[in-house]
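The structure appears below as structure tokens.
Each reported figure results from applying straightforward, stated rules to the coordinates on display, with no laboratory input. Keep in mind that this is a model prediction, so the values were computed, not measured. Positions of Cβ are generated from backbone atoms using ideal geometry, with glycine treated the same way; all protein chains shown enter the neighbour counts.
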Amino acid sequence: MSCSMTAREPADLREDSFKRIVRKRAQNHCVDQTVYPNENPGLSPSSIFNGYSHLLSPFEKIEVKKYGKIYALSMNPETLKAPENAIEKDFFEMGSIYKMKKDEHIGYRYTIDKVIGQGCYGVVGEATDGKTKQKVAIRMVSKLAPRIYRETEMIMYISSIDPDHTFDCVRMLDYNVFRGFHYVVTDLFDTSVKKYIKEHHPNGIALENVAAMGRKILKGLVFLHEHNIVHGDLKPENIMLNLANPNDVKLGDFGLSRFAKPYHDHVQCQSMFYRAPEAFVRGRYNGATDMWSFGCTVAEMVSGKIFLAGDNCDDQFYLMQEVINIPPPVFFDTFYTNYYFFSTLKEAPKHIVITDHGPIVSFIYTKAADHRKIPGATPIGSFFTKTEQKPFNNFILKVFKWMPASRITAKQALDHPFFYSLSACFNQQMSLADGPLFAPKVKRAA
């Protein structure tokens, strides 16, 4: 007896993912349960019809009946012109991206104050929560971005194991669907570390501030790694901070996060400039993968420039060799390199270093682009040479290791002199855990 299986359409998979998320949402795994003073009790749809029907478009007069409580209405005149068949006319769409506009509402609860930005995964706006009166960030996700389900479920899980939000990860306040678009509501932050460097410290942030910010990031990583979670996309753009409250530094964007597995799951993670060596050669991801990204991030914070900026994926891998030399023999034995980055040719091309790795791999030739120096020509120690940078340089050397098992862990990094105590770095008594993030510069004795 034979049986046949019908291939499932992507839409079916998306629907299953959405139903699973809705079930978890019903268990309050992601909805903010904080009771704020002077909360708006909201109005019923019938009350809206009685007093505010002139603020509803023909389409909204039908749509509003689906909502139990109304906390916000649109003040945008263009939205008020939405026809009764607005969805069929793609009135709210621009391709697969929602057309977010100032003064309109999302889900009859959030009023858009301004549009912050738009990318391939959706559009982000700053909004006011009509129920709690709090400022929030709201992201309307592209219909072509299935990673929203993984990110949403991951943040729900993080919220369930950290209900008090004490481990420096961005909170999800709400998640729902509005006019066919999924949206995620999170805490609002002034800026990212990337923008902060670009706008305020193009030549690098003061070391004492890097240490304080880095310690907050490490606490978040320790929490994730203890629960077997790999962030997967750690970089300055995904570290959020508030200028008014400089101790408020959080890890954000869990779109590429996953649980660490004993095997490679064949899903690419990490942005290229912050990608660990094992991610190039089909290695499995774990906490050490995040630590490589963390090293690239803090190095960028100190210098103000991307630490390892290759032209493409191939060049990025060659650049790693220029900085930390050719991989050890165990690297080839552990990972599937497929000779993509390495060759066993007898005749070495230009810019090649020939090394004998013994019986495991003989006569490995390291490929390199024409504009790259030979492996090991620009060691890490040559980047941070100032006297006050020695503790930081010591930490960086412990991060940039070819083998994941050889890298310092997030928990060990918290005890490293650079992060553990500013006094160890600057001969100044100051606690990183309790002190201000943007500490005043300390003049070193001559």
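Return the subset of 194/219; 65/101; 235/386; 61/101; 69/194; 194/411 for which the Cα-Cα distance in this structure is over 31 Å, preserving the input order.
Among 194/219; 65/101; 235/386; 61/101; 69/194; 194/411, the Cα-Cα distance tops 31 Å for 69/194.
Apply the Karplus parameterisation 6.51 cos²θ - 1.76 cosθ + 1.60, with θ equal to phi minus 60°, to every residue of the stretch 157-167 and state each ³J(HN,Hα) to the nearest whole Hz, in sequence, with x for glycine and proline.
Karplus-based 3J(HN,Hα) across the stretch 157-167 equals 5, 4, 5, 6, 9, 9, x, 8, 6, 9, 10 Hz.
Given H placed 1.01 Å from N in the peptide plane, which residues other than close sequence neighbours of residue 204 have an amide H under 5 Å from its amide H?
For residue 204, the qualifying residues are 304.
What list of ³J(HN,Hα) values in whole Hz, one per residue of the stretch 269-281 in order, does the Karplus curve 6.51 cos²θ - 1.76 cosθ + 1.60 (θ = phi - 60°) give from phi, with Gly and Pro shown as x?
Once rounded to whole Hz, the list reads 9, 6, 6, 4, 5, 10, 7, 6, x, 5, 6, 7, 10.
Using amide H atoms built 1.01 Å from N in the peptide plane, name the residues 5+ places from residue 243, or on other chains, whose amide H lies under 5 Å from its own.
Amide H neighbours of residue 243, under 5 Å, 5+ apart: 190, 191.
Over the Cα atoms of the stretch 130-216, compute the convex hull volume and normalise it per residue, giving Å³. Please list the in-between numbers first.
On the way: hull volume 12.8 nm³, N = 87.
It comes to 148 Å³ per residue, whole-number rounded.
Counting only residues 5 or more places away or on other chains, whose amide H sits under 5 Å from the amide H of residue 110 once H atoms are built in the peptide plane?
Under 5 Å from the amide H of residue 110: 130.
Arranged by the count of other C-beta atoms within 10 angstrom, fewest first, what order do 174, 129, 164, 290 take?
With the sparsest Cβ surroundings first, the list reads 164, 174, 129, 290.
How would you rank 157, 318, 110, going from fewest to most other Cβ atoms within 10 Å of each one's own Cβ?
157, 318, 110
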